[in-house]
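Reviewing the structure listed below.
The values are calculated or read from the model by the stated rules, or taken from the named source; none is laboratory data. Every value quoted in this text rests on a predicted model; they were computed, and no experiment measured them. When we count neighbours, we look across all protein chains shown, and the Cβ atoms used for this are built from the backbone with ideal geometry, even at glycine.
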Amino acid sequence: MVKVSVFIGTSLDGFIAREDGDIDWLDDANKKVTSSEDFGFNSFLESVDLIIMGRKTFERVISFDRWLYKETKMIVLTSKDIQIPEKLEKTVTTRNISSPQQLISEFSNKSVNHIYVDGGIVIQDFLSARLVDEITVTIVPILIGKGKSFSGLLSKDLIMHHLKTTVYDSGFVQIKYKINKKNNE
Ligand SMILES: NC(=O)c1ccc[n+]([C@@H]2O[C@H](COP(=O)([O-])OP(=O)(O)OC[C@H]3O[C@@H](n4cnc5c(N)ncnc54)[C@H](OP(=O)(O)O)[C@@H]3O)[C@@H](O)[C@H]2O)c1
């Protein structure tokens, strides 16, 4: 079985970005923590075989100074004909899918064991389809009042099982949850 994980940063009021997609509050908070602190991201990334990312998040991450995802294969979900930067052509492909199940079922017999899903809409769709096994949320000590959520489309509650909490000196708090599919049928 393929494991599907979410690894995300949120404001204390649960938003991943402002309504217009801006993550200035997250960037500013990150600038205040020591540059060697990655909140476990790189070790998480090493465990991942494939990233599935929404087009809007992809457009944001390619604007960063450096590519955060190393050589990990990435599928960007989009209905558009988007341009992939030449240096990423070997790792990044695009797909337009009718449902998360359709995509996941393609990997059930292949050498993909761990998928990282990212992007507000994409995470919402995978949660709604009850395909997410683990969520790591890093809470940034800030309230932004309104913004984009990663769970807004849920039609039914999802019960989480707490695995670990890490409190950082910077005031960031990281909580890791498992989603037991049997508890959520
Ligand atoms: N705080 C954090 O840790 C964190 C993490 C991730 C993202 N973010 C932020 O969240 C914002 C983006 O989130 P978002 O919810 O607006 O967008 P998103 O999920 O990144 O992207 C949504 C887009 O993905 C495409 N898409 C989704 N499902 C699809 C499907 N089944 N088939 C084809 N295409 C599909 C569509 O692109 P088309 O319109 O091209 O068809 C859709 O408009 C960004 O500002 C990003 O920086 C923050």
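Results, tabulated for the structure shown:
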| read-out | value |
| --- | --- |
| Of all residues in the stretch 80-127 being out of contact with any helix residue (DSSP H, G or I) (no Cβ under 6 Å at 6 or more places or on another chain) and aromatic (Phe, Trp, Tyr), the one that is surrounded by the fewest Cβ atoms within 10 Å (Cβ to Cβ) | PHE107 |
| Top-ranked residue of the stretch 142-159 - restricted to ones that are under 29 Å from ASP24 (Cβ atoms) and surrounded by 15 or more Cβ atoms within 10 Å (Cβ to Cβ), ranked as modelled with the lowest pLDDT | SER151 |
| Single unsatisfied condition, GLU46 versus (1) more than 20 Å from PHE172 (Cα to Cα); (2) modelled with pLDDT of 95 or more; (3) within 10 Å of the ligand (Cβ to nearest atom) | (3) |
| Close pairs (7 angstrom Cβ cut-off, 6 or more residues apart or separate chains): modelled with pLDDT under 90 in the stretch 161-185, not β-branched (Val, Ile, Thr) anywhere | ASN180/HIS161; LYS181/ARG130; ASN184/ARG130; ASN184/LEU158 |
| All positions within the stretch 157-181 that are farther than 14 Å from VAL132 by Cβ and over 19 Å from the mean Cα position of the chain (by Cα) | VAL167, TYR168, ASP169, SER170, GLY171 |
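To keep it simple, each residue is scored yes or no on (1) within 12 Å of the ligand (Cβ to nearest atom); (2) charged (D, E, K, R).
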{"position": "VAL92", "(1), (2)": "no, no"}
{"position": "ILE97", "(1), (2)": "yes, no"}
{"position": "GLU106", "(1), (2)": "no, yes"}
{"position": "ASP118", "(1), (2)": "yes, yes"}
{"position": "ILE142", "(1), (2)": "yes, no"}
{"position": "GLY147", "(1), (2)": "yes, no"}
